[in-house]
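Below you'll find the structure, written out as structure tokens, and then a few comments.
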Amino acid sequence: MSEHHIVTPKTYLKNLAVLMVLMALTIIAAKWPVLHISQTVNLAMALTIAVAKMMCIILIFMHVKFSSRLVMVFASAGFFWLIILLTLTFCDYASRFWHSPTAVSPYLG
Amino acid sequence: MSTEHLVEPSADFPVRDYGPPRVHYLNWRHTIASWLLSRDHKRIGIMYLVSISIFFVVGSLFAAIFRLELLTPEGDFLQADTYNKFFTLHGVVMIFFFLIPSIPAVLGNFLIPLMIGAKDVAFPKLNLASWYIFMVGGTIGVAIILLGGLDTGWTFYTPLSSSYANTHVFLAAMLVFITGFSSILTGLNFLVTIHKMRAPGLTWFRLPLFIWAHYATSVIQVLGTPVLAITVFLVGIERIWGVGIFDPALGGDPILFQHMFWFYSHPAVYIMILPGMGVISEVIACFSRNRVFGYEFIAFSSVAIAIIGFLVWGHHMYVSGQSMYANLVFSLLTMLVAVPSAIKIFNWTATLYKGNVIWETPMLYAVGFIGLFGIGGGTGLFLGTTGLDVPLHDTYFVVAHFHYVMVGGMVMAYLAGIHFWWPKITGKMYAQTPAKISAIVVFVGFNFTFFPQFLAGWNGMPRRYHSYNADFQIWNVLSTAGATVLGIGFLMPAFYLGWSLFFGKDAGSNPWGARGLEWEACTSPPIPHNFEEIPVVTQEAYAYTGEETVSV
């Protein structure tokens, strides 16, 4: 059964190493002026690295990769719910100034 | 009685009526430690019953005090800030310590394993831990009351809560954070139990609708509650360390708090009402001796409410500064969420049609639920429309609306459930006449209390003020008088249910002639591990023939 999958210490150590590399990348992306291209690009870069770190933790450390499909569905559901929260909240911020044709949303630049 | 049974009759399950067992979950150990360290879902359910009953009394006393204040237009009994504390504490205690845990933690804990033919929940230790976490939250609640209270309203709106309130906001944030985990762990336990521990033959579409309702509720608890925990955590961070999250002076946005708060707190309304709907399905089916009309529709409507309920939170924020376009989207989605609720109401009514309706006490509460929830839900649509909400926002119309849903709906359902399963929980039958009188007194007292509030609100009386325009006094006098009647109605069960514990006659395993594993394969009270042998289910739920008899 997938629930009894044993993850070896080697796998954990590899995962730890990947996380360390990703952390180093986060710091480089934040501090190295050469990579300061624009706010949007830097945000995308930071979020991409963060998502990669998150996946390492959820899939390996939290064993979702080795679990049943039901567990995967519930793990995904959490993200689906997060998307609902973010989408509808940002809908408000994005459209707050639409009814005033001359105003520009301070949230969107 | 019918010869058809949900459980295949066999040597192990001869047919009902099992007499009271010599050893059952109530008498198999007598020490305090055997209760406080019990991993038996039934004992944990009873511990929740006692705890939330105490909190219900405390919350009701707060309401009684501010209803007294509202008898006259002047603030002559409570000062403004004291009044603020009383309505805040009433809300916090009732929502976090009564409405949210009541049906899931008491009836859900007690009944889910019995209904699905399991010996306990999936994680019994976690179940006990949930109760302790709940009690830690409750202790913080008591500390807040003793230390001087809280005055932010149960909604903790920023910047009042983060920057201005001088009461115990940080403790309250801790309370919400900690109590939330009790709710999350209970939901998690139920999800795993329902997925993994159903008896052989108990397929998804043979499950009682009570189980479907609890499944949907658990999904909300697990996926929604963490957002509230994060939100109050952020309020705490801003309050203590001045990190700008919600305070505009620090670069934050107070409306962001409302988005995050209502993302949980609107679905929380469904945490409160969905299990109640599950109770009503059981009671209506039993006392109309009819198969539930449109079983699949009611089952899926619970799931639909759990999902769509997460898309409507913005309808609390039409006048907050949220964009008018977001208002329109949330308003449309709000109309959508009414559909599954309406499906349930229509299907319960259709179940009554051509049924053999029996007016026992639980049925009186259940029928009361349908009417009052109908009014509460209908007025919710008034408030869900963007235009009408503007004049009605923050008036007593809103107060009346949510009390029709929460008290008229959820508390009526809770009382229906307590009266329905009391013989199973205790093995004793209560006196029917005072119970029926109590159901009628609660119904009358409830309408007497809250209907005048619709009229006061419609005429413009704002909520959360200790003094008001003298024109509104008539509605407030009526409401306070009604609250007195309602209080008597709520007190009555304490007496006749308490009496039944000592002097009630043995209920027998199935006094209502009901269908379901908890009635047909289980003694009253149940034995410590519920079943001598796990039952095998061979029929769908609610296979009533109309020939079952009531023996109370």
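The values are calculated or read from the model by the stated rules, or taken from the named source; none is laboratory data. Since we're looking at a predicted model, the values are computed, not measured. Note: ideal-geometry Cβ built from the backbone for every residue, glycine included; neighbour counts use all protein chains shown. All accessible areas refer to the heavy atoms of the entire protein, side chains included, with ligands and DNA or RNA removed. Shrake-Rupley method; radii C 1.70, N 1.55, O 1.52, S 1.80 Å.
Can you bin segment B:476-552 into rounded, prolate or oblate? Criterion: square roots of the alpha carbon gyration tensor eigenvalues sorted a ≥ b ≥ c, rounded for a/c under 1.5, prolate for a/b above b/c, oblate for the rest. Verdict is prolate for segment B:476-552.
In sequence order, segment B:105-122 has phi-based couplings of 6, 8, 6, x, 4, 5, 9, 4, x, 5, 6, 9, x, 10, 7, 6, 7, 5 Hz under the Karplus curve 6.51 cos²θ - 1.76 cosθ + 1.60, θ = phi - 60°, and Gly or Pro positions carry x. For the listed residue pairs B:196/B:344; B:125/B:428; A:65/B:125; A:14/A:53; B:344/B:436, the alpha carbons are over 19 angstrom apart in B:196/B:344; B:125/B:428; A:65/B:125; B:344/B:436. Comparing each chain alone with all protein chains together (probe 1.4 Å, DNA, RNA and ligands left out), the residues of segment B:309-326 losing at least 40 Å² of accessible area are B:313, B:323, B:325. Relative to the longest principal axis of the Cα atoms of chain A, helix A:39-56 runs at roughly 20 degrees. For segment A:1-105, averaging the sequence separation of C-alpha pairs within contact (under 8 Å, six or more residues apart) and dividing by the residue count gives a relative contact order of 24 percent. Taking both sides together, the accessible area buried where B meets A is about 1800 Å² for a 1.4 Å probe. The simple Förster model, with R0 at 45 Å and r as the Cβ-Cβ distance, assigns residue B:350 and residue A:61 a FRET efficiency of 0.35.
The long axis of helix A:69-95 is offset from the longest Cα principal axis of chain A by roughly 10 degrees. Only Lys, Arg, Asp and Glu carry charge here, each on its Cβ (+1 for the first two, -1 for the last two); on that basis the protein assembly as shown has a dipole of about 1220 debye about its Cα centre. Split the accessible area of chain B by element, probe 1.4 Å, and carbon with sulfur accounts for 70%.
Entry comment: accessible area of the protein assembly as shown is 42 Å² per residue, from protein heavy atoms only and a probe of 1.4 Å. Choose one of B:124, B:209, B:191: the residue whose Cα lies farthest towards the positive end of the charge dipole of chain B (beta-carbon charges +1 Lys, Arg; -1 Asp, Glu; about the Cα centre). The listed residue farthest towards the positive side: B:124.
For segment B:223-269, the equivalent ellipsoid built from the Cα gyration tensor has semi-axes of 21, 11, 6 Å, listed from largest to smallest.
Between the Cα long axis of helix B:412-426 and the first principal axis of chain B there is an angle of about 40°, rounded to the nearest 10. Rg over Rh for chain B works out to 0.96, both radii taken from alpha-carbon positions and Rh defined as the Kirkwood radius. Projecting the Cα atoms of B:370, B:31, B:319 onto the dipole axis of the protein assembly as shown, where Lys and Arg carry +1 and Asp and Glu carry -1 at the beta carbon, places B:31 farthest toward the positive end. Computed from the C-beta positions of residue B:147 and residue B:76 and an R0 of 30 Å, the FRET efficiency is 0.70 to the nearest 0.05. Is the protein assembly as shown rounded, prolate or oblate when judged by the Cα gyration tensor, a ≥ b ≥ c being the square roots of its eigenvalues, rounded requiring a/c under 1.5 and prolate requiring a/b larger than b/c? Cα axes put the protein assembly as shown in the oblate bin.
Given +1 at the Cβ of Lys and Arg, -1 at the Cβ of Asp and Glu and no other charges, the dipole of chain A around its Cα centre is 280 debye to the nearest 20.
Of the residues in segment B:219-242, those shielded by at least 40 Å² of accessible area once partner protein chains are present, compared with the chain alone at a 1.4 Å probe, are B:223. Taking the square roots of five times each eigenvalue of the Cα gyration tensor of segment B:252-385, the equivalent ellipsoid has semi-axes of 34, 13, 12 Å, listed largest first.
Only protein chains counted, 1.4 angstrom probe. Which residues of segment A:39-81 are at least 20 Å² less accessible in the assembly than when their chain is isolated? Those are A:70, A:74, A:81, which lose 20 Å² or more relative to the chain on its own. Segment B:380-455 and segment B:121-149 have their alpha-carbon centroids 26 Å apart. Using Cβ point charges alone (K and R +1, D and E -1), the dipole size of segment B:32-520 about the Cα centre works out to roughly 1580 debye. Between residue A:36 and residue B:54, the modelled labels are 5.9 nm apart [label points 7 Å from Cα along Cα→Cβ].
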